[in-house]
1. On the basis of being in contact with a strand residue (DSSP E or B) (Cβ under 8 Å, 6 or more places away or on another chain), on the phi > 0 side of the Ramachandran plot, at pLDDT below 95 and among the small types (Gly, Ala, Ser), does residue 78 make the cut?
2. Within the set of pairs 6 or more residues apart or between chains, which connect a residue that is within 18 Å of residue 51 (Cβ to Cβ) and free of Cβ contacts under 8 Å to residues at least 60 places away in the same chain inside region 176-200 to a residue that is polar (S, T, N, Q) and part of a loop (DSSP other than H, G, I, E, B) with Cβ atoms less than 9 Å apart?
3. One residue is enough: does region 59-67 have a residue meeting the conditions open to solvent by 30 Å² or more (accessible area, probe 1.4 Å), modelled with pLDDT of 95 or more and either touching a helix residue (DSSP H, G or I) at 6+ places or on another chain (Cβ under 6 Å) or not hydroxyl-bearing (Ser, Thr, Tyr) (or both)?
4. So if I check each of 86, 103, which one is open to solvent by 40 Å² or more (accessible area, probe 1.4 Å) and touching a Gly at 6+ places or on another chain (Cβ under 6 Å)?
Amino acid sequence: MFGAIEYYCNNPSPHYRKAKPLAALLKVYKGLNTLNSVVIIMARIDDPKKTIKIENVVASTAIGATLDLPKITLQLDGADYNKERFPGVVYRTKEPKTAALIFGSGKIVCTGAKSIDDVHNGLKKVFSELKSMGVDVMDNPEIIVQNIVASADLGAVLNLNAIAIGLGLENIEYEPEQFPGLVYRIAEPKVVMLLFGSGKLVVTGGKKPADADAAVDKIVEELDGLGLL
């Protein structure tokens with residue numbers, strides 16, 4: 001689900017309004033507005049950072065060996081491979097719950113993790129499985145976090161039209177007739193924030209959990225300064 005946000009926020013093309021992920025983003029919006037938030041909260045949350053929840057951590061690595069994907073699929077229990085649909089093997093770990101995208105070049109992308117520790121633990125299981133098949137996995141492959149997607153709640157109804165004007169139209173993308181969220185690109189930390197009128201928000205593009213904290217601090221400070229929070 002949050003993969004759609006990553007696509008949308010990292011593709012600021014003039015044609016973004018026509019992108020297929022918009023439909024998926026609407027599902028995200030609905031998901032953020034669960035039954036628990038049907039009643040609008042009129043009072044601000046004292047510390048919105050306490051509501052931050054990591055939704056997805058995407059990381060990449062390389063084992064230093066090429067792989068025979070059809071062979072890997074036969075030997076790796078639960079692996080899924082359809083080269084007509086996707087060029088890599090999809091292998092899901094249950095504990096922690098992650099998905100590893102394994103490519104013939106030896107590169108592996110881990111997604112679906114809820115923490116950086118889950119990324120490392122999930123990939124360690126993948127490395128172990130490959131080694132058990134006789135694959136020459138290099139010692140301690142480097143794992144690089146590519147993107148952290150987090151959600152949070154400001155605990156206040158937001159006037160997105162006023163925010164769009166206050167933050168500066170050059171810094172945001174807001175087309176309410178196309179999508180109910182406002183996209184705000186932040187330079188420091190370098191992340192993209194998606195704001196909703198309910199006060200819910202999504203931060204994507206971070207490289208470490210602290211980036212979400214800093215982004216929430218920044219938006220609270222800016223909206224407070226504009227008198228919009």
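The values are calculated or read from the model by the stated rules, or taken from the named source; none is laboratory data. These figures come from a predicted structure and were not determined experimentally. Here the Cβ positions follow ideal geometry from the backbone for every residue, glycine too, while neighbour counts run over all protein chains shown. Please note that ligands, DNA and RNA were not included when accessible areas were found on the heavy atoms of the full protein model with its side chains. Shrake-Rupley method; radii C 1.70, N 1.55, O 1.52, S 1.80 Å.
1. yes
2. Once the first residue is within 18 Å of residue 51 (Cβ to Cβ) and free of Cβ contacts under 8 Å to residues at least 60 places away in the same chain and sits in region 176-200, its partners that are polar (S, T, N, Q) and part of a loop (DSSP other than H, G, I, E, B) give 197/159.
3. Yes, there is a match, as at least one residue in region 59-67 is open to solvent by 30 Å² or more (accessible area, probe 1.4 Å), modelled with pLDDT of 95 or more and either touching a helix residue (DSSP H, G or I) at 6+ places or on another chain (Cβ under 6 Å) or not hydroxyl-bearing (Ser, Thr, Tyr) (or both).
4. 103
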